[in-house]
Amino acid sequence: MGGIQHETGWYTNTCTIGFVTERDDVEGLVVASHCTNEDKDVGGVDDADIHQPNDPLVGENIVAEATIDPVLYNIDHDQCPDGWVCRYSDAAFAELDSDMSLDLGEVAKPEEVGETDVGPAGTTFTITSDSASVSVGDEIYYVGRSEGWQTAEVIETCGYAIFLPNIRIICVVTAEVTGDSDNPSTGDSGAPVLKPSSGNNVKLMGTLFGGSVAHPDEFDFSSLGNIYLELGRSSTWDSCASGC
């Protein structure tokens with residue numbers, strides 16, 4: 001399910017599963033692209049194995065394999081100037097191993113905001129809808145393997161984030177943590193970004209991929225619209241408990 005740990009490479013990339021989904025009836029996971037290789041680069045499929053919860057010394061724990069992760073290129077957009085290569089999202093699709101099964105629309109739900117422990121066992125947020133549209137002022141959640149359940153507010157809907165030396169993720173959404181929430185930290189990359197609906201029901205909005213050194217209470221996430229655009233413009237997606 002979304003919001004829990006995965007690992008690529010032994011003690012190399014420990015990140016967070018974004019959400020489980022079906023893309024053209026193929027079951028899989030959406031994770032952060034930079035979490036699928038040892039160099040933490042964005043873009044380009046390298047058939048990375050996704051281990052959950054970790055990549056142990058003994059055994060495999062393989063649950064999926066990265067199969068869709070578009071390469072970087074110079075996009076005709078004012079946020080992607082000459083000399084830069086870009087993507088609209090930091091996201092990759094990993095096809096689920098044939099021995100695995102998933103329940104669509106489930107995201108781990110810690111007991112309280114600010115906590116990582118999920119309890120009682122089996123407690124989840126349920127994705128009942130999704131949205132490609134994000135607005136300034138939206139109140140959102142994210143659930144990461146390091147900081148758990150946190151709250152934030154959208155402050156920008158189409159900025160860009162720099163991956164040195166010449167990589168940009170463009171049209172990203174920026175949010176600021178609210179209340180007593182903690183800033184995202186190492187391992188929260190890929191965390192599902194959700195908009196509360198009613199009770200434990202939520203709307204899927206995208207996936208978190210990075211923070212700001214200059215503004216540590218802010219983080220960037222890829223909107224669901226840009227994720228679907230890059231990972232399957234003409235594909236049929238189903239990421240909800242009851243279909244979106």
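If you go through the range 79-92 one residue at a time, do you hit one that is open to solvent by less than 60 Å² (accessible area, probe 1.4 Å), farther than 23 Å from residue 172 by Cβ and without any contact (Cβ under 8 Å) to a residue 40 or more places away in the chain?
no
Pairs only if they're at least six apart or on different chains, beta carbon under 7 angstrom, first in the range 58-70 and within 10 Å of residue 36 (Cβ to Cβ) and among the hydroxyl-bearing types (Ser, Thr, Tyr), second open to solvent by less than 50 Å² (accessible area, probe 1.4 Å) and outside any strand (DSSP E or B); list them, first residue then second.
none
In the list 90, 25, 99, 39, which residue meets the criterion of being under 26 Å from residue 131 (Cβ atoms), out of contact with any strand residue (DSSP E or B) (no Cβ under 8 Å at 6 or more places or on another chain) and not hydroxyl-bearing (Ser, Thr, Tyr)?
On inspection, the qualifying residue turns out to be 25.
Hey, does the range 118-128 have a residue that's more than 21 Å from residue 54 (Cα to Cα), in a strand (DSSP E or B) and either open to solvent by 60 Å² or more (accessible area, probe 1.4 Å) or of a type in the set (Gly, Ala, Ser) (or both)?
No: zero hits.
Could you go through the range 202-212 and let me know if any residue there is out of contact with any Phe, Trp or Tyr (no Cβ under 9 Å at 6 or more places or on another chain), at pLDDT below 95 and not aromatic (Phe, Trp, Tyr).
No, the range 202-212 contains no residue that is out of contact with any Phe, Trp or Tyr (no Cβ under 9 Å at 6 or more places or on another chain), at pLDDT below 95 and not aromatic (Phe, Trp, Tyr).
Of the residues 198, 189, 239, which single one is in contact with a helix residue (DSSP H, G or I) (Cβ under 9 Å, 6 or more places away or on another chain) and farther than 22 Å from residue 146 by Cβ?
Only one candidate passes the filter, namely 239.
Please specify each residue of the range 170-182 satisfying the condition of being farther than 14 Å from residue 224 by Cα and in a strand (DSSP E or B).
175, 176, 177
From 238, 182, 220, grab the single residue that is charged (D, E, K, R) and open to solvent by less than 40 Å² (accessible area, probe 1.4 Å).
It is 220.
Can you find even one residue in the range 214-222 that is within 16 Å of residue 151 (Cβ to Cβ), part of a strand (DSSP E or B) and touching a Phe, Trp or Tyr at 6+ places or on another chain (Cβ under 9 Å)?
Yes, the conditions are met somewhere in the range 214-222.
The values are calculated or read from the model by the stated rules, or taken from the named source; none is laboratory data. Worth saying up front: this structure is predicted, and the values here are computed from it rather than measured. Cβ atoms come from the backbone with ideal geometry, glycine included; neighbour counts cover every protein chain shown. Just so you know, the surface numbers come from the protein's heavy atoms only, side chains and all, with ligands and any DNA or RNA stripped out. Shrake-Rupley method; radii C 1.70, N 1.55, O 1.52, S 1.80 Å.
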